[in-house]
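Here the structure is laid out as structure tokens; the discussion comes afterwards.
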Amino acid sequence: MKHTGQNYMINRKIKELADKNQKGYVEPEENAPSTPETPSTPDNPSTPDTPSTPDTPSTPDTPSTPDNPGQTEDPQTAPKSFAIKISDDKNVVVEGVTLKINDETIGVTDESGIAEVSLENGTYEITASKEGYDTRETQITVSSNVSQIAFKIYPEGQSPLETPEDPTYE
């Protein structure tokens with residue numbers, strides 16, 4: 001059987017399409033409107049032009065977030081949970097002391113005089129206040145080895161004349 005030029009081209013195109021279809025490729029319809037390429041997702045499997053990457057590993061450029069559980073947080077910048085314990089001049093714990101940094105409340109002490117807080121490593125100016133007590137401002141330093149910071153507040157008008165003692169760290 002003799003192939004004409006046009007028949008040869010048609011047979012070649014049919015073979016080419018058959019090969020593509022065996023690989024899962026679907027030829028777009030000739031008069032179909034063109035659409036922009038869509039990235040591969042579970043609902044939109046990839047084509048040979050769009051490689052599928054269902055579990056792209058995190059990189060150092062991708063910070064850890066709840067949305068990116070593949071990356072661990074940097075211990076130097078990750079928030080550190082610890083306790084702040086407040087007592088009075090007689091070493092009695094004080095409940096209901098509001099703790100603030102830059103006018104933002106970070107905790108309130110419970111019946112044991114403790115507030116659980118979470119801050120990144122660093123130095124902070126903290127304000128402790130409660131009605132009936134002098135407001136106390138003090139500097140605290142948060143580091144990875146601190147589990148509790150304790151300091152005192154004094155009843156109104158009974159603060160020592162000199163600067164109150166520095167916080168203690170455990």
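Please work out which residue is most open to solvent (accessible area, probe 1.4 Å), limiting yourself to the range 109-125 and to residues that are assigned to a strand (DSSP E or B) and touching a residue at least 24 places away in the same chain (Cβ under 8 Å).
Glu116
Test of understanding: among Lys100, Lys90, which residue is basic (Lys, Arg) and either in contact with a Gly (Cβ under 9 Å, 6 or more places away or on another chain) or modelled with pLDDT of 95 or more (or both)?
Answer to the selection: Lys100.
Taking only pairs six or more apart or across chains, which ones have beta-carbon atoms under 9 Å, a first residue in the range 126-155 that is over 19 Å from Val93 (Cβ atoms) and open to solvent by 30 Å² or more (accessible area, probe 1.4 Å), and a second residue that is part of a strand (DSSP E or B) and small (Gly, Ala, Ser)?
Glu137/Ala128; Thr141/Gly122; Ser143/Gly122
The values are calculated or read from the model by the stated rules, or taken from the named source; none is laboratory data. Source: prediction; values computed, not measured. With ideal geometry, Cβ positions are generated from the backbone for all residues, glycine too; neighbour counts draw on all protein chains shown. Note: areas computed on protein heavy atoms with side chains; ligands, DNA, RNA excluded. Shrake-Rupley method; radii C 1.70, N 1.55, O 1.52, S 1.80 Å.
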